[in-house]
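Following: one structure in structure tokens, then a few remarks.
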Amino acid sequence: MPDNHHVLELIRNFSSISLKELDAFSLMNRVDTKYVFSSSRIPVILDEISKDFVTLDIDSERIFSYHTTYLDTPDWLFFSQHVKGRSERNKVRFRK
């Protein structure tokens, strides 16, 4: 696995966008695509996508951590809808 310092240096090669600039984009109409790969590939992937993506920069920080708490019904309705691939569904969460 690459060290965090190396990953941070690769991320600093990306162009950045501020929170104010980010407001111009509608994030509620987005498509999330997730991929699984070995962590050893992170440097190669970051290098390859650096010309096509930007990073959020807040007070010169580009790597952020957050904690998410998801809420669901007693019968796990929201989770079940997610697993079944239902596109029209609700999600209730808190992030810190």
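Data overview
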item	result
Per-region count, region 8-28, residues touching a Ser or Thr at 6+ places or on another chain (Cβ under 7 Å) and loosely packed, with under 13 Cβ neighbours inside 10 Å	1
Filter pass, SER15 being out of contact with any Asp or Glu (no Cβ under 9 Å at 6 or more places or on another chain) and in contact (Cβ under 8 Å) with a residue 12 or more places away in the chain	yes
Conditions (1) free of Cβ contacts under 8 Å to residues at least 24 places away in the same chain; (2) in a helix (DSSP H, G or I): number failed by ASP32	(2)
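Read-outs: derived from the displayed coordinates by stated rules, not from any lab. Just so it is clear, the structure is predicted and the values come from calculations on it, not from any experiment. Cβ: placed from backbone, ideal geometry, glycine included. Neighbour counts: every protein chain shown.
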